[in-house]
Each structure stands twice: as C-alpha cells, then as structure tokens.
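Throughout, read-outs are computed from the coordinates displayed, never taken from laboratory work. Values in this document were obtained by computation on a predicted structure and should not be read as measured data. Cβ sites come from the backbone with ideal geometry, for glycine too, and all protein chains shown count toward neighbours.
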C-alpha cells in the first residue's frame, strides 16, 4: 500500500483510493450509489443536506460521506481497513429520516412544478420517502425572489442546499447570491433582489436539485419526458460547447449543457442556453426576391434564376462574405462553387482582420487549448475579453486563478473579468512595452505561460504586427516549448476557424471583407454575414443566404433561406481547432435548406456542378484521401501542443508597424452578437437589463 | 421571530461612522491580517449599529461592506443571521426582555404584559421615540430572574410594578438605576447575608488552629525568588479598547458594608460587557 493510497472496505468489498478522496467518492469507486442534494463535483463541499449518510462501523452515528475525507478515517481496532456500509437498515433509516425532514417544508406541488420528471428530490423521495406525512403543522412559506429575466424562483421548494450560492461565488465569480436569516427563516436571495449580473446565471437552474430555481423562458412549456433530446454543439461562441437540444414537434423547447471536460465542463453561458426562442422568430422560411424595392416570396427556381443573373457579373466584381455562424459544409460548398466561377473575393473574417491568410493553422487557433489554461501559471490576454467572448472559458480561467494561482495580465479596454488581473494597457503600445513591466517579469519567470490574442487585437491596422509580436514574445518567454504550445487566438465566432480551415480567405489578388463591402462589387453574396458593416455596399446586388431576417436580409435583393444550427447535421471547428458535429434536432423552417445543399443546387443551375451529392460525400471530400491526416480527419480532437514546431517559426515581415491605436472590444453587447440572438426576446430583455445596469468597471 | 428585513425608508441613503468610532474600528481591524479583514465584520456591524441609534440600516451595512471590501450579500447574510443586529429602528431605550425558561418561571410573562400595555407590540417604537421592546433568549442573568436589558444595562429581579416604574422613568427622562431592583447585592441573598456570618468561621478559631497561617497578620511570606521573569514584552494588542463608561455610576449597589471591595470586583468584570 503506497503512502497516498487508503484502503477501506465498502459493502464488503475491499478498495484502495487516494487519501484525499471523500468517502462519497470512495463509495462510488466501489460501485455504490450515494444519494445527495448539496454535494456537487465542481463546487466546494457544504455537507448540509445530510442525504449522503453512510454507516461507518464503530462510529457513533451515521457519517455524511461527502464531507468525510478517507485519509482522516481511523482503522478498526484490529488495524484492518475501516468498514463502511452504504446499504442496510441502519443507512436506510438515517436517510429516511433526512428525507422526512427535507419534505416537511417542501410543498407537494410536483404536478405543477417544472422540475417534475427530472427532480432529484422527487427521484430520491421515491427511494427514501414515506408514503404519507406525519407533519401536522403548517408548512413554512417563503416569498419568491426576483433574480432577473432568466431564473424563475419558487422559494417554497428550496431545500437550502446552497449549490446556487456556491456556484455564484466560486464559478461565476459574482458574489450576489446568499442565504439570509437562519433556521426556519433561512432564504436564498440576491442582495435586495437585484438581478444576477453573471453571463452564467442559467447554470443555477441545472444545479438546483429541486424546482426552486427554474428557467423563466421555459416555464410551463413542456415536460421533460415529452421532449426529443439531441446532443449537439453550441455556436454562440467559438468554444463549441456540448449541448443537448430538447425539442417538441418542430420547436426547440430548451437547450441544456452536456458534460464535455475539455470544453465547457458542464456549464453553459446564458446566451447559448436561452437563445432558443430566437430560433422561432424572424426566420427566413422561403426564398425572396426584391422587386420594386420590396421583397416578395419566390420559388427556389425563380430565386436561382435571379442568382444566376446576378452572378453573371465579371468574377472580379463578385464578392462573397461568410458570417459568424457558417458551418464548414456550407463554407466548403460555397468556396468550391465560387472558385470554379473564378471568384477570388472571398472572406470569412471581420472587416480589417489580418490573420489566417498565411496558411499556418497554428497562427489562428487556440493551441494552448481551453482546458490547458488550468495547467498554465501565467496568462496574457491581448485584445480579448473572455467574459464576453467565451464566458464559460472565463469561468475556467477564474478556476485556475482561484485554485491554481494563475496570474492573469490583460491588454484591452478595462473590464471586470471576475478575477484579479494586471491591466497593462489599452492597445498595441502596451504589448511593445510589456518586457519592461512587472507582468513581463511574471511571464518570463513562468514555467507554462500562455498568450491568447483576441480578434479585437487582430482587426486593427496593425493586426498582423500584433500577432507577430505576440508570437515573438511567446517564443521569447518560453510559451512555445516541446509539449506546451502556450500561444493562440481566441475567436469569437463559431464558424470562423472552420471557414479558415477550408480556406475561405481572399484568393489570389482577391479582396478582403472591407474591400468587398466598400462598394466596388457588382454582386455581393452574404453567407449569414450580419455583423459586418453593410452601409458602404453601394448599388451592389446583394444575395443573402441565411436563416434569420437581420441586417443582411434587410439589405438583400435575393434571399435564400438556410437552416439554423439546430436544424442540420453540420461540422464546426472550435477555437482550439477541434472538429465537432452538430446534430439536427428539428426540421429546417419552411423551404429552408442546409447551406451546402443550396450551393450544390445552385452549382447545377450555374453549370458548374459540384462533385458531391450528399453531405457525407462532401465530408469525405473534406477529410481528403483515406489514411492521410488532415484537419477534418478526426472528430472531437484539439491539436494542442502538436503545433509547436509551426509556432517556433517567426512570422516574416510583419513584426514592425505597431501603432498606438487602442484595441476595440469585439462585442459591445454580450447578448446581441448574432442574428439568432437579436431575434430572441429573452436576449433582448437581458440586453436591456445589462445596459441599464451601471456596472462599475474594475481594473486591478 | 418574524422575517427580518431592512427598513429601507427609515434607513435613508447615507450613513457615516462617528469620528470617535474610527479608533475602535482601527482596533478591531488591527486584530486581523490584511487579507482576512472580513473577519472584523461582526464587530464592525456592531459599531455601526451603535452609531446608528441602536439599529443597523441598509446604508450602514453597505458602509461596513465597503470598508471591508466584502460583497454586500456576504454582509447581509451576517446581519440577518444574528438577531442582535436590529434591522428596524428602535427607541432611544430599547428593552430586551428575557423570556427564556428561568425568567419565564419567575414571571417574565407578566413583564411582557407590562411592555405590551406601556409600549405596544414588539419592535414598535413609541411616538416620542423613547421606548421599544423585543423578547430575546437567555441573557445569562438567570440568578436575578426575571430581568431585562435596556440598551447596555441589566435591570434585574423585576416585578411588574418595579418594571413599569423603570419604564416610566425612562419615558420621562428620569435616571433609572440598573442592577437588582430588590434588596440584594448582585446575586447575594435578598435582605443581606443570612448564613456564614459567624466571624469564627473566618479567623480559624472554629477549627481550633488558633489562627490561619495565611491571615494578613501572619508572618509575611518571603519574596519569591523565581529564576524566570514574567513576560514583559508588549502585548500583541497594544491598544486595548477601553470602555467609555465612567466607573462612578455604581450606585446600583444598595449601600452595604465592604462596598469598596465590591466596587473593585465589579469594575474588573465589567470590562467585557461591551459585547
């Protein structure tokens, strides 16, 4: 028996677990199932629900297994390993007693409770509850609390497990939830019932083991057992969080996170979680053609005929801009088609972006990986605000800061990131001076430093120089060594890396986004591009392919409706370069088609038939020849430190030209970053509330 | 115990500690290291309550939170947990009436009736702003039950009559003397000492020793010649909080013998009653 292992006997079975394990973990290791309410793997231990009681032979009373460290347990008198029992009359009686107390004040309103069917208390009451109540007094009544537009509270149901309080304080980093008063009067509330200011507040709904905190937008919409559940990928940010889309009929009813250790652990940002009402609003469900200044519904045949007409312009007068949510299949099919037409003016990046064109993949993905930040000991964020651009990753940075003493420095506009960080400046000049700063010392002393550049820093005039300088700095401080690739770009759009991977950048002599939209083109094709500035587009004919009627569609002359991310099986590449598949949860709206299919059909009309007839054939084409390792040949895999060699090479001819301009924030409004979000009522409510809040900006 | 919520209206928008409190704040904060300043939250709230006419308003709570750099909700949790932090205004004289078993057996219920008729409901402040009352749990003076605490002073061995006399004095601004309201010193027997009065008990004649070896008259013991010296280094807390109360008002003692001795004993024990 090694020093850091501890032997014990659980239900007659001998096991050996690390000494730091809790008794609950040890019991689970032995295959026993322990009921619990307050314990949660990713939160600190509270030990207040008492549901996880087990019997420890020789102990005077039952033990709360979540709060007992096995290393602290005494052996039996004869020196043998302690005996623990998770079953039997003793344990049953203890748990039955706890359950009876929990139910004393819990209302019997399961038939009208949204948690019904997926409620921990309901499930465990089936196992440990009594058939009837022995409690003759009145149940206590608690006022419902206001917690903002996302979280509905029915506080009578609360069992004071404090998971939500611990989540807000530890993971979200906003200490706004707490338990006030005591004893029978204890209540969970925000301070004076203010709305939660976290982008992760929706997670308390999942954490709540009862129906006290439920989803306000989803209230009374559906029962869990009548929902069709589809595992998929989120596209609200470039993390590609694992989600479960719950649908009823043709409507998405809610979106929940799934566990994905490498990406989102088990959290989800409010935007990803509550976007779903936007999927049913402002939808483009049939093709439209603008006639006499007004859009009229048309058939696909008519629409394709007008598109063919519009694409008869000279190839150098045609520009194609891909938007933030574009899936790889559509990008590939569109690129193949337009290249075959001789169009070189293609771009998937925001206006002014200066990255992704040199063909080195490592220079536009997050090589350090999202999970890698937990191994880092110093992190420099350049022109990025992860709280806005990748809220769940921000929680992970906070976790590393809180538990692993990660030092964070940041260049960009001052912002509250929920953790202390060194604010080094607002623009590229701070990057030039960093070697002389205190944080530069921290970086060069760090064993595993990490540098993350955001789009805000790469879209200015000096974007390429910032990237080159940051890469130089990374090499200098030892962020790029064998086995550790601590340099990367944090993207803000789900489709960006995938589109870059298929080469959706300007071809030879091709124009980039800013030039395409500057009025030089006769025909502009927008692939769901709504975040770009269309004001300078001039008299160009605009073809919009997308799912929502937003900025692009309102300017469009021809609209081709495509499916949204919940309506198709599609490939997305996240900011780490991880290739993932979203799945179809519901049918596309009306006559909308998947993006790649639109371009496959259009290619036929244009007489340049694309060589794939099915999505599978297209993906086979993407993967390239059998047996050859390409970007798309593996699913769910982040290259991470494999790109070290490519990062070691300095960028040629780009390191000079840093300006004094400040980095602009990528988003002004966390809740309004894409067409689906802008169509969502819930997001509009959140956005209005957030802008009304006078959030003090703390720069430490 | 009813729901405890801030009286937002009465609390107003601002609160400031009194200048003379700053020294006490520095004392309490000085007890904790720089990164554990939030440990001082309870004494700070207590000081804030004292500086706010005996109750804790929402701005006062925020002031404490800001000073200790704590999130408001964390201080709010503390303020609502401890019932000695009063979240509603109280009278100039706030009466805490002990209703726990010993006092109850000795007639606290009747005192409650007195409060109800003389003042009103619990936590109700009389129109002149002078009186309010609440029932509390044991105040640790069971030997003098029934008793009440008025602001910082104990009034003990009460009867409905003596209690309502005290209330009337407080109401009319007449000085009321704290302590037992019957003929006894502290918790000594009523009417004076009745047993162990024989001087023989104390001079050694009873046990036929012909004197006690350690009587003051006996040979003085030699000065101890200890090898070690008492620790003369400065105490960790150089600044002791000195109670502001003058020691002159010990008029509570019904004039008896050995009053000087009692006085010294009293003042020594009263250093802690700030809490």
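By DSSP, the beta bridges lying fully in the protein assembly as shown are antiparallel in about 55 percent of cases.
For the stretch A:52-159, the alpha carbon convex hull comes to 154 Å³ per residue, rounded to a whole number. Over the stretch A:1-156, Cα pairs under 8 Å with separation of 6+ residues give a relative contact order of 19 percent.
What angle, in degrees between 0 and 90 and rounded to the nearest 10, separates the Cα long axis of helix A:328-340 from the longest principal axis of the Cα atoms of chain A? Helix A:328-340 sits roughly 10 degrees off the main axis of chain A.
Taking other Cβ within 10 Å of each residue's Cβ, how do A:20, A:491 sort, fewest first? The order, fewest Cβ neighbours first, is A:20, A:491. Considering helices alone, the calculated mean residue ellipticity of the protein assembly as shown at 222 nm is -7500 deg cm²/dmol, with DSSP H runs of length four and up weighted by -39500 (n - 2.57) and normalised per residue.
Can you sort A:438, A:472 by how many other beta carbons sit within 10 Å, fewest first?
Details: A:438 11, A:472 14.
By the 10 Å Cβ count, ascending: A:438, A:472.
What base-10 log of the normalised intensity I(q)/I(0) is obtained for the stretch A:457-496 from the Debye formula, alpha carbons as equal point scatterers, at q = 0.16, 0.25, 0.26 Å⁻¹? Taking Cα atoms of the stretch A:457-496 as identical point scatterers yields -0.48, -0.87, -0.90. Averaging the Cα positions of each part gives two centres, and for the stretch A:85-106 and the stretch A:9-44 these lie 18 Å apart.
Projected onto planes of every orientation and averaged, the convex hull of the alpha-carbon atoms in the stretch A:134-231 covers 8.1 nm². Remark on the stretch B:148-195: ratio of C-alpha radius of gyration to 2.2 N^0.38 Å is 1.24.
If you count, for every residue in A:175-181, the Cβ atoms of partner chains within 10 Å of its Cβ, what is the mean?
Mean partner shielding for this stretch: 6.
What does the C-alpha gyration tensor say about the overall shape of the stretch A:555-699? Classify as rounded when a/c is under 1.5, otherwise prolate if a/b is larger than b/c, or oblate. Judged from the Cα gyration tensor, the stretch A:555-699 comes out oblate (a/c at least 1.5, b/c at or above a/b).
What the Cα convex hull of the stretch B:46-189 gives, in volume per residue, is 114 Å³. Sorting A:94-102, B:15-23, A:493-501, B:134-142 by average packing, meaning the other beta carbons within 10 Å per residue, from highest down gives A:493-501, A:94-102, B:134-142, B:15-23. The stretch A:109-177 and the stretch A:564-594 have Cα centres separated by 35 Å.
Ranked by the mean number of other Cβ atoms within 10 Å of their residues, highest first, the peptides B:163-170, A:315-322 come out as A:315-322, B:163-170. With viscosity 1.567 mPa s and temperature 4 °C, the Kirkwood radius over alpha carbon pairs of the stretch B:3-101 converts through Stokes-Einstein to a diffusion coefficient of 93 µm²/s. Mean separation of Cα pairs under 8 Å and 6 or more residues apart, divided by the residue count, gives the stretch B:151-213 a relative contact order of 24 percent.
Work out the P(r) tail for the stretch A:1-49: percent of alpha carbon pairs separated by more than 17 Å, whole number.
On the way: 460 of 1176 pairs.
Counting every Cα pair in the stretch A:1-49, those more than 17 Å apart make up 39 percent.
Taking every C-alpha pair closer than 8 Å and separated by at least 6 residues, the mean separation divided by the residue count of chain A gives a relative contact order of 15 percent. Looking at the stretch A:521-604 alone, DSSP beta bridges between its own residues are antiparallel in about 30 percent of cases.
Taken over the alpha carbons of the stretch A:422-528 as equal point scatterers, the Debye sum produces base-10 log I(q)/I(0) values at 0.11, 0.13, 0.19 Å⁻¹ of -0.48, -0.63, -1.05. Taking the DSSP bridge list for the stretch A:1-86 and keeping only pairs wholly inside it, about 85 percent are antiparallel. For the stretch A:492-590, the normalised intensity computed at q = 0.10, 0.14, 0.17, 0.24 Å⁻¹ comes to -0.32, -0.62, -0.89, -1.29 (log10 of I(q)/I(0), Debye sum over alpha carbons, equal scatterers, no solvent). Shape descriptor for the stretch A:7-100: Rg over Rh equals 0.94 (Cα atoms; Rh from the Kirkwood inverse mean 1/r). How many angstrom separate the Cα center of the stretch B:115-129 from the Cα center of the stretch A:446-464? First find each Cα centre; the distance between them is then 67 Å.
If one takes the longest principal axis of the Cα atoms in chain A, at what angle in degrees, from 0 to 90 and to the nearest 10, does the Cα axis of helix A:463-477 lie? The two axes meet at around 50 degrees. Within the protein assembly as shown, all pairs of alpha-carbon atoms sorted by distance into 20 Å bins from zero give the percentages 11, 32, 31, 17, 7, 2, 0.
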